[in-house]
Every structure is written in C-alpha cells, then in structure tokens.
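Note sheet for the following structure.
The values are calculated or read from the model by the stated rules, or taken from the named source; none is laboratory data. Keep in mind that this is a model prediction, so the values were computed, not measured. FYI the Cβ positions are ideal-geometry reconstructions off the backbone, even for glycines, and counts take in every protein chain you see. All accessible areas refer to the heavy atoms of the entire protein, side chains included, with ligands and DNA or RNA removed. Shrake-Rupley method; radii C 1.70, N 1.55, O 1.52, S 1.80 Å.
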Amino acid sequence: MIKMSEYAKRRKELMQKIGSNGIVILPSAPEVFRNGDAVYAYRQNSDFYYLTGFEEPEAVLVLAPKRKEGEYILFNRIRDRDREIWDGPRVGQEGAVEDYLADQAFPFSELTLMLPDLLAGRESIHYPLGINREFDKILMHSVNKVRSKSRGGVHPPAAFVDITTSLHEMRLFKSSAEIASMQKAIDITEKAHVRAMQFCKPNCYEYELEAELMYEFQRNGARYPAYNPIVGAGRNTCILHYVNNNQKINEGDLILIDAGAEYQNYAADITRTFPASGHFTGEQRAIYELVLASQLAAIKSVKPGAVWTAAQSIIVKIITQGLIDLGILKGSLDGLIEKQAYFPFYMHRSGHWLGLDVHDVGRYRVETKWRTLQPGMVFTVEPGIYISADIPGVSKRWHNIGVRIEDNVLVTDKGHEVLSQKIPKTISEIEAVMA
Ligand code: GLY
Ligand code: MN
Ligand code: MN
C-alpha cells in the first residue's frame with residue numbers, strides 16, 4: 001500500500017518543477033456508461049491517482065504553490081446520505097483533509113465558482129491539454145472570467161503548459177512502494193498463468209482459460225485485469241491483440257496468453273505460450289526456442305546506461321538469424337535485417353514502460369536521442385514470432401505457430417531484476433507444469 005506521505009512527496013516535487021507562479025489543475029476520470037444506465041467499472045485516471053491516491057469520480061485536484069490558505073486543494077463529492085445508501089460511503093470534504101491530506105477540500109459543485117479566483121495572478125496553468133473536453137470548457141470559462149476582470153488589475157495566466165511532460169517523467173521512475181505493488185500484481189499473474197496451463201486440455205474453449213485467469217486474479221484481490229486478456233489458440237496466436245477468446249482449442253494448437261492483473265492500480269503484463277496437449281511439436285519447439293533465446297539475450301542487456309533500443313536490435317538479430325537457420329528466410333543476415341525481412345513475422349517493438357498504465361507513460365526519446373535506461377524504470381521485454389498462414393512462401397508445417405514471451409523487468413543499480421522470473425518459461429518448465 002502506498003502511504004499518503006508518498007503522494008504528498010510527489011505533489012511537492014511537482015510543485016517545485018512548475019515553480020511558484022504556476023498552478024496545477026487535474027480532473028479525475030469521468031464515469032463512463034456501458035449501456036443504458038449501467039456504468040463501466042470505475043478506474044481512476046492514472047495521473048490523478050499518482051498525485052492523490054483518491055479513487056472517487058467527480059473530483060479535481062488543484063496545486064497552488066505558496067497559496068497561504070493551503071497549496072493542495074481537492075474538489076470532491078459531498079457526503080450524501082441518500083446516495084450513500086445506494087452506492088456506499090463517500091470520502092467527503094472532511095475525509096479529504098483528514099485521510100488524503102488535502103489542505104482544503106470543497107464540494108465539487110463549487111469548482112466553477114472558485115476556480116477563477118484560484119487562477120487569478122498565476123502565470124501558467126499546468127493541465128492535461130485536450131484530454132477531457134468537458135473539463136476543457138470549464139477551465140476556459142474560468143480563464144475568461146479572470147480576463148473579464150483584468151481592468152481591475154487581475155491578470156489571467158499567460159501560458160498553458162501540458163502537465164504530462166513533467167508528471168510523466170516522474171511516473172517513469174518507480175519508488176520501492178510502487179515496485180512492491182507491481183510485484184504483487186505480477187505474483188498474482190503468475191498464479192493465473194500457471195492455473196491456465198494446468199487447466200488447459202484439447203477441446204476446451206479459449207474463454208474457459210480466460211475464466212481460470214480471472215478466477216485467480218479476483219480471489220487474490222486483483223479485481224480487474226490491467227487490460228483485456230488475450231487468449232488465442234492455433235491461428236489466433238498470430239493476432240497480436242486478439243480478445244474474442246471464443247474459439248475451441250484443438251489438440252495440436254499452441255495457445256498464447258497475454259494477461260496481467262491490476263493491483264492497487266498497478267499493472268502486470270505477461271505473455272506465455274504453451275501447447276494444448278502439454279507437449280511442443282518439433283516445429284513449435286524450434287520457434288519457441290528461438291523466441292526464448294532472443295528474449296533472454298535482450299533481458300541480459302538491460303542495465304543502467306544501456307540504450308532503450310538495444311533490446312530491439314538484439315531481438316531482431318537473433319530472430320532473423322534463427323529464421324535463416326530454419327530455412328524460413330533466405331539471404332544474408334545483414335541484408336535481411338537491412339530490408340526488415342523479419343517484419344512479417346515480428347512486427348512490433350521489444351516492449352514498453354509499465355506502471356499505472358500497461359503501456360505506461362514516459363518518453364522513449366529525449367531530444368534527438370533514444371533514452372538510456374536508469375534504475376527504477378520498469379518495462380516489458382516481449383519478442384514474438386507469428387507465422388500466419390497468410391505470409392506467402394512459408395512451408396505449411398510452420399503455419400499458425402505464434403509465440404510471444406513477455407516478462408516485466410526492473411532496472412536496478414547494478415543491472416536488472418526480472419520481476420516475473422518465477423512464471424514457467426522454458427520448454428521443460430512448461431511441460432512439467434502441464435504434466
Ligand atoms: N498486453 C499488451 C502488450 O503486451 O503490450
Ligand atoms: Mn502483453
Ligand atoms: Mn506488453
């Protein structure tokens with residue numbers, strides 16, 4: 001559990017970054033209707049959560065450095081006995097101050113009234129531009145209100161700054177408490193993948209494996225997956241974001257499961273590929289060993305100072321050489337890499353940052369250069385080979401073999417730690433778990 005003092009530290013750091021003439025305005029995620037009057041399960045906006053730990057909708061965070069009545073102002077829902085009978089308890093303004101360390105808290109309905117005064121005299125507004133249209137309007141309306149008072153000597157902010165630049169740079173570096181939450185999400189995900197492997201048998205349906213995953217997530221306190229689970233068998237292993245999960249699994253199929261739990265809003269993102277029968281065929285084994293070799297080599301290169309793209313270069317080289325060795329590609333290694341001959345088989349990148357969002361925030365390039373790795377960064381390493389029957393010129397024996405292997409890796413002072421290393425991955429580990 002991340003302590004309230006850690007959220008306070010983040011707010012302080014952000015205020016230092018924006019300077020004492022700035023103001024931060026950040027709305028919570030809206031509730032979204034699914035159909036009729038049924039809403040999607042509520043998930044707080046990750047930036048808002050990162051700065052508040054607050055999980056209710058209809059809230060706005062304001063950070064006003066050096067404001068004498070208090071720097072951290074939260075607008076949130078009022079306590080409402082009628083609503084609370086139906087929907088459960090609300091934090092309210094008292095709770096916002098006492099439990100969430102707000103300096104002041106006001107009813108959400110007072111936001112439009114108070115915002116112009118909060119903005120007046122500030123030089124810059126730091127805000128996630130263009131994401132929440134409804135709130136964009138509220139904010140512009142408040143800015144115009146300040147403008148209308150300018151003859152009285154009150155000036156409106158002169159600059160709008162996209163807050164995500166500074167905030168996402170902070171989110172890229174995980175604290176030990178964040179890493180602990182991510183480890184918990186990953187440990188739950190481990191149980192789920194193992195359970196799905198053990199449950200799997202020919203003639204069951206993809207959604208049955210999804211049910212086993214979800215069961216293990218939920219019984220361990222991860223109420224939701226971090227993204228829609230991908231459970232594809234046979235030809236579906238070659239569809240990168242396959243989520244229909246409704247086909248029958250045949251005896252000779254490979255199954256690709258890309259699924260991760262969300263725990264305290266932190267994501268795990270893990271892929272394992274295994275044979276329905278419990279035993280890899282010769283062709284499946286060859287492709288699997290190749291993807292695994294590329295993944296292990298890429299992970300080995302992870303250390304502070306390594307460039308972000310190093311993993312991708314290693315993977316491309318090993319996969320291309322492997323496809324030559326298997327007779328699937330023909331030509332010289334350098335020539336084939338040059339013309340990206342691997343692309344029909346491996347069409348994505350080596351991975352992405354991981355954190356509150358599964359494709360987490362933070363820049364991959366800084367100015368003109370690819371970023372170098374630093375301790376505290378967490379990302380995925382997820383090479384794959386997907387031999388769809390649609391790729392021309394490939395012998396039929398390779399068709400419908402799709403393999404991805406995805407782990408979650410933390411950069412440490414000395415090198416790296418694979419946070420998901422306990423999840424069965426070698427052929428012998430997978431065959432043993434399924435036996
Ligand atoms: N689960 C989405 C991804 O691996 O990026
Ligand atoms: Mn994934
Ligand atoms: Mn991923």
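Okay, here's what the table says:
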| item | result |
| --- | --- |
| Per residue accessible area of the chain, 1.4 Å probe, in Å² | 47 Å² |
| Kyte-Doolittle mean at least 0.0 and Cα axial length at least 24 Å: DSSP H helices in the chain | 282-300 |
| Hydrodynamic radius (Kirkwood) for the stretch 332-427, which is based on Cα pairs only, to one decimal in Å | 16.0 Å |
| Förster radius 25 Å - calculated FRET efficiency between R133 and E98, Cβ distance, rounded to 0.05 | 0.15 |
| Charge tally in the Cβ shell below 13 Å around V316, where Lys, Arg are +1 and Asp, Glu are -1, V316 excluded | +1 |
| Evaluated over the stretch 1-152, the Cα radius of gyration and Dmax, each in Å | 15.8, 50 |
| Ranking by accessible area, most exposed first, for K174, K68, K3 with a 1.4 Å probe | K68, K3, K174 |
| Positive minus negative residues near D47 (Lys, Arg vs Asp, Glu; Cβ under 11 Å) | +1 |
| The stretch 1-94: relative contact order as a whole-number percent, Cα under 8 Å and 6+ apart | 25 percent |
| Largest to smallest principal axis extent of the C-alpha atoms in the stretch 204-268, angstrom | 37, 21, 15 |
| Highest average packing first - 293-304, 423-434, Cβ atoms within 10 Å | 293-304, 423-434 |
| Relative contact order [Cα under 8 Å, 6+ residues apart], the stretch 53-184, whole percent | 18 percent |
| Amide hydrogen neighbours beyond the local backbone of N21, cut-off 5 Å, H modeled | none |
| Sparsely packed chymotrypsin sites (Phe, Trp or Tyr not before Pro) within the stretch 23-130, loop by DSSP, other Cβ within 10 Å at most 15 | Y40, Y42 |
| Ratio Rg/Rh [Cα only; Rh per Kirkwood] for the stretch 124-193 | 1.28 |
| 3J(HN,Hα) from dihedral phi, the stretch 23-34, Karplus parametrisation 6.51/-1.76/1.60, rounded to Hz, x for glycine, proline | 9, 9, 10, 9, x, 6, 5, x, 6, 10, 6, 8 |
| Label-to-label distance, nm, for residues given as Q374 and R81 (7 Å Cα→Cβ offset) | 5.3 nm |
| Nearest-0.05 FRET efficiency for H348 and V154, computed from C-beta distance (R0 60 Å) | 0.70 |
| Cα gyration tensor shape for the chain, rounded if a/c is under 1.5, else prolate or oblate | prolate |
| Protein accessible area in the chain, 1.4 Å probe - carbon and sulfur % | 51 percent |
| Pairwise centroid distance, computed over Cα atoms, of the stretch 244-267 with the stretch 1-36, Å | 33 Å |
| Karplus-derived 3J(HN,Hα), 6.51/-1.76/1.60, for each residue of the stretch 356-364, Hz, glycine and proline x | 5, 9, 5, 8, 6, 8, x, 7, 9 |
| Long-range amide H partners of A261 with built H, under 5 Å | T189, A226, A268 |
| R223 paired with K9, simple spin-label distance in nm, labels 7 Å along Cα-to-beta-carbon | 2.7 nm |
| Value of [θ]222 nm, deg cm²/dmol, for the chain, DSSP H segments ≥ 4, -39500 (n - 2.57) each, nearest 500 | -11000 deg cm²/dmol |
| Charge tally in the Cβ shell below 14 Å around F108, where Lys, Arg are +1 and Asp, Glu are -1, F108 excluded | -2 |
| Test item: Cα-centred dipole of the chain, Lys/Arg +1 and Asp/Glu -1 on Cβ, debye | 1060 debye |
| Out-of-range pairs (alpha-carbon distance over 20 Å; input K300/K425; K3/K66; K174/K317) | K3/K66; K174/K317 |
| Under 19 Å from K248, Cα to Cα: lysines that are on another chain or at least 8 residues apart | K201 |
| Length gained when the stretch S313-E123 is fully extended (0.36 nm per residue, less Cα-Cα span) | 63.9 nm |
| J(HN,Hα) series, the stretch 41-52, from Karplus relation 6.51 cos²θ - 1.76 cosθ + 1.60, nearest Hz, glycine and proline x | 3, 6, 10, 4, 4, 5, 5, 4, 5, 4, 9, 10 |
| Residue (of I423, G70, G393) at the positive-pole extreme of the chain, dipole from beta-carbon charges | G70 |
| FRET E, pair A293, I239, Förster distance 22 Å, beta-carbon r, rounded to 0.05 | 0.35 |
| The chain, relative contact order [Cα under 8 Å, separation at least 6], % | 13 percent |
